[in-house]
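Heads up: the structure comes next, in structure tokens.
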């Protein structure tokens with residue numbers, strides 16, 4: 001067991017963990033952050049996507065030891081302190097990009113990271129941005145439309161809401 | 001203040017539950033934890049056909065943290081499933097790779113899995129049956145000895161006179177098609193929590209899509225009286241038919257909970273989901289079809305087999321749906337169908353979106369394409385010639401009241417530029433060809449009366465602040481039913497969405513419903529809500545009229561207010577009117593209910609009868625590019641014209657079409673559960689290839705809004721329809737591009753390349 005300290009959704013936290021424990025398990029079981037979803041446990045579906053120092057990663061493949069000293073953002077950390085949904089979350093809701101919703105948190109985290117890097121993406125870039133995230137319900141069309149809508153809003157507004 | 005009259009029907013509304021899901025708040029079975037909860041794990045066999053000689057659980061029992069280990073000998077192992085040929089745990093023999101031998105309950109999931117891995121099973125292998133042909137051979141070993149045959153079910157259907165159809169035919173085509181194993185791939189894997197309370201009552205936290213039937217069946221399997229069982233559905237991470245059947249892990253959780261007197265949770269990992277959740281039936285279909293010189297269809301003769309696998313689930317009844325496509329997709333006077341559902345030692349199949357119709361429609365629409373080729377006719381013209389008109393009844397007794405097949409064909413052809421593109425297969429690259437192909441489908445759109453009732457109950461309750469609790473028997477599995485039902489209530493009662501709470505996941509609260517299947521919820525539950533709401537409306541308007549010294553017909557309900565119907569002038573707050581009913585000495589509350597039963601009938605012995613209150617139609621056109629050197633098929637554009645009656649929620653309906661089409665594209669191009677010697681060799685998303693975002697073509701959707709006379713506001717069901725005819729449309733496009741036959745799916749580069757090489 002090792003002691004790790006990291007920033008979780010803006011708050012400093014610590015935990016004693018087996019170094020290889022998947023970050024997904026730590027976040028869900030120890031911190032109660034069940035918005036991060038276990039879809040496959042082998043890095044193939046993207047449902048467990050979180051941001052690690054701003055980069056989208058599959059938390060099921062990420063050893064907890066590697067969280068030490070880093071900044072972690074999960075779906076629960078996207079809302080503003082008063083509970084206003086992040087523009088990407090709002091775009092997913094309004095575009096009809098959510099059906100069963102199990103892939104949704106991962107899709108949204110991937111999109112937040114993507115739009116920080118590409119504020120004016122092309123349609124092809126949008127389609128490719130979520131190629132590592134599987135969805136069985138929507139056929140991806142409305143997810144792509146949501147990403148476009150969020151890109152337009154964030155691009156025009158200049159700054160993101162939430163954290 | 002005035003409020004204008006505004007209908008909500010046909011407009012776009014985001015799902016009411018979407019913020020919960022997009023914020024990570026929604027609680028799926030994976031996320032649920034109960035005090036003192038144990039975790040269950042199941043040891044499944046690694047043999048496909050064997051006698052169980054001995055089971056040694058001693059090492060597992062000694063592992064610290066293990067609270068119970070059970071085998072078939074420890075429980076009342078009640079047979080269940082559609083064929084009553086499966087049991088929760090297997091005691092004497094195993095019949096397929098997923099068979100459950102023992103189960104463990106432990107303090108953590110990892111201890112439970114570790115313990116399961118310590119259990120040793122000794123087998124006596126039996127000769128495996130790995131194909132339908134082998135199972136049907138004389139002298140083949142029996143998979144279920146007491147059945148005395150490997151044929152689980154036989155289906156014979158006919159209408160007209162096949163011999164007469166043959167005589168009338170100028171051309172006859174014949175082909176055999178092979179459709180693969182595919183599986184649901186719900187992003188949320190299967191799971192359950194079973195918990196007994198101090199009175200011995202059982203609560204099941206479940207992902208079932210048929211809670212009322214589930215409760216009845218679980219009662220029987222688990223030996224708990226049904227009146228002591230409550231089913232609470234967690235947020236469901238995708239269904240698509242996979243949650244129609246009960247699977248052994250569910251009674252196993254109950255047995256472990258009983259044994260330990262603690263709540264027990266079992267959740268599949270992804271590999272288990274691939275291995276131990278259902279599949280679509282792999283099917284082989286031989287179809288002969290005839291037509292007159294002028295293109296009029298004369299007959300269809302179909303012989304098919306389903307690989308049923310080791311046990312019989314609801315999936316064995318998919319021939320009921322297949323025969324609708326065989327008998328009634330286009331006008332065909334003479335039809336004969338013979339089908340066998342055959343046991344093998346392969347994984348057993350279940351129910352999956354489309355329920356046999358994907359396989360049947362692939363065969364029918366492929367044979368239509370062959371007939372068009374023989375006749376030298378444009379495939380669109382041939383289909384139009386044989387398309388039914390509203391008011392017709394098909395040979396199976398299916399009454400086509402609102403029928404938009406012709407309009408679907410014409411709309412899809414027009415929007416895709418059919419005629420122009422049909423004449424051109426060349427591209428500017430010599431080794432790349434283009435093709436365009438189409439296929440249509442017919443599916444139930446007004447429920448399916450396979451039980452004595454195909455109904456759904458609704459209870460509406462308006463409280464003293466005009467908050468509506470809409471209690472429906474139906475379930476939300478991600479498809480958007482909750483929002484559609486709220487929309488219908490809002491339409492009738494003039495409420496805002498923020499005044500409505502839908503309760504749909506607790507059998508202690510909700511009235512009976514058959515369940516989520518047969519694309520029935522909008523139609524059946526929608527009508528149920530509409531009629532319950534009309535009653536509530538009458539009561540509210542009458543109370544308001546009393547209070548306002550007006551007449552009910554002069555009033556209307558809009559945005560939570562009572563208004564003058566003529567000009568929308570606000571006259572009273574709806575809450576105040578409701579309060580007047582109990583404060584004002586009338587001693588009344590506003591609670592109404594309705595049980596809607598569709599005017600459909602059960603089929604007779606010959607499978608004839610108008611089993612659904614409405615039928616949905618669609619035509620899809622696929623445009624593809626085929627690289628002759630690599631065999632890669634790229635779908636460029638897909639046009640989907642769907643007759644779903646009146647659209648209720650446009651956003652939701654579009655989402656159903658897009659999701660269905662992409663599931664259909666997977667069936668057409670990439671998905672196949674590879675089963676070798678009874679074993680699934682690709683149980684992961686790395687090797688089972690779902691369509692991903694960059695591969696999705698432009699999908700052009702057109703709704704052909706026939707107004708169904710029975711449906712709510714004229715609506716019919718949609719859910720399954722969009723997945724049904726995508727694969728034959730793609731295959732017909734690839735055939736058009738290349739001239740190949742393509743008798744098997746999926747059209748992987750390997751398959752396309754090797755066929756073109758011949």
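Please specify each residue of the stretch A:63-84 satisfying the condition of being without any contact (Cβ under 8 Å) to a residue 60 or more places away in the chain, part of a loop (DSSP other than H, G, I, E, B) and within 9 Å of chain B (Cβ to nearest Cβ).
Matches in the stretch A:63-84: A:83 only.
Looking at B:236, B:193, which one is within 14 Å of another protein chain (Cβ to nearest Cβ) and touching a strand residue (DSSP E or B) at 6+ places or on another chain (Cβ under 8 Å)? Lay out the reasoning, then the answer.
Details: B:193 fails: within 14 Å of another protein chain (Cβ to nearest Cβ).
Residue meeting the stated conditions: B:236.
Which condition number in (1) facing another protein chain (nearest Cβ under 9 Å); (2) assigned to a helix (DSSP H, G or I); (3) surrounded by fewer than 23 Cβ atoms within 10 Å (Cβ to Cβ) is the one that residue A:89 fails?
Failed condition: (3).
I need the full set of residues from the stretch B:423-438 which are in contact with a strand residue (DSSP E or B) (Cβ under 6 Å, 6 or more places away or on another chain) and not in a loop (DSSP other than H, G, I, E, B), in order please.
Hits for the stretch B:423-438 are B:432, B:433, B:434, B:435, B:436, B:437, B:438.
Considering only residues of the stretch A:108-131 that are at the interface with chain B (Cβ under 8 Å from one of its Cβ atoms) and either in contact (Cβ under 8 Å) with a residue 40 or more places away in the chain or not in a helix (DSSP H, G or I) (or both), which is farthest from the chain's Cα centre (by Cα)?
A:131
Output the number of the condition that residue A:105 fails; it satisfies all remaining conditions of (1) over 14 Å from the mean Cα position of the chain (by Cα); (2) facing another protein chain (nearest Cβ under 8 Å).
The one condition residue A:105 does not meet is (1).
Determine the pairs where a residue that is more than 8 Å from chain A (Cβ to nearest Cβ), located within the stretch B:683-699, has a partner that is crowded, with 18+ Cβ neighbours inside 10 Å and part of a loop (DSSP other than H, G, I, E, B) with Cβ atoms under 6 Å apart, the partner being 6 or more residues away or on another chain.
B:689/B:670
Run down B:486, B:572 and say which single residue is surrounded by 24 or more Cβ atoms within 10 Å (Cβ to Cβ) and more than 14 Å from every other protein chain (Cβ to nearest Cβ).
Among B:486, B:572, only B:486 is surrounded by 24 or more Cβ atoms within 10 Å (Cβ to Cβ) and more than 14 Å from every other protein chain (Cβ to nearest Cβ).
Do we find that residue B:283 is surrounded by 23 or more Cβ atoms within 10 Å (Cβ to Cβ), in contact with a helix residue (DSSP H, G or I) (Cβ under 9 Å, 6 or more places away or on another chain) and either within 25 Å of residue B:158 (Cβ to Cβ) or modelled with pLDDT of 95 or more (or both) in this structure?
Answer is yes for this residue.
Kindly provide the set of residues from the stretch B:536-554 that are crowded, with 16+ Cβ neighbours inside 10 Å and under 42 Å from the mean Cα position of the chain (by Cα), ordered by number.
Within the stretch B:536-554, B:536, B:537, B:539, B:540, B:541 meet the criteria.
Say whether the condition of being surrounded by fewer than 20 Cβ atoms within 10 Å (Cβ to Cβ), at pLDDT 95 or above and part of a strand (DSSP E or B) is met by at least one residue in the stretch B:74-87.
Taking every residue of the stretch B:74-87 in turn, none turns out to be surrounded by fewer than 20 Cβ atoms within 10 Å (Cβ to Cβ), at pLDDT 95 or above and part of a strand (DSSP E or B).
If we scan the stretch B:141-156, do we find a residue that is crowded, with 19+ Cβ neighbours inside 10 Å, touching a helix residue (DSSP H, G or I) at 6+ places or on another chain (Cβ under 9 Å) and not in a loop (DSSP other than H, G, I, E, B)?
yes
Can you tell me which residues in the stretch B:308-356 are touching a strand residue (DSSP E or B) at 6+ places or on another chain (Cβ under 6 Å) and closer than 21 Å to residue B:239 by Cβ?
B:311, B:312, B:316, B:347, B:348, B:349
Run down B:9, B:42 and say which single residue is touching a helix residue (DSSP H, G or I) at 6+ places or on another chain (Cβ under 7 Å), in contact (Cβ under 8 Å) with a residue 40 or more places away in the chain, part of a loop (DSSP other than H, G, I, E, B) and outside the structural domain of residue B:715 (by TED's automatic domain parsing).
Every option except B:9 fails the conditions.
What pairs come up if the first residue lies in the stretch B:240-258 and is more than 14 Å from chain A (Cβ to nearest Cβ), the second is modelled with pLDDT under 95 and assigned to a helix (DSSP H, G or I), and their beta carbons are under 7 Å apart, counting only those six or more places apart or on different chains?
Going by the 7 Å Cβ cut-off, the qualifying pairs are B:244/B:314; B:245/B:314.
Could you run through the stretch B:613-630 and say how many residues are farther than 18 Å from residue B:656 by Cβ and not in a strand (DSSP E or B)?
Total satisfying the criteria: 4.
Considering only the stretch B:17-53, how many residues are surrounded by 14 or more Cβ atoms within 10 Å (Cβ to Cβ) and either more than 10 Å from chain A (Cβ to nearest Cβ) or at positive phi (or both)?
Qualifying residue count, the stretch B:17-53: 17.
The values are calculated or read from the model by the stated rules, or taken from the named source; none is laboratory data. Predicted, not measured: the structure shown is a model, and the values here were computed from it. Using ideal geometry, Cβ is built from the backbone for each residue, glycine included, and neighbour counts are taken over all protein chains shown.
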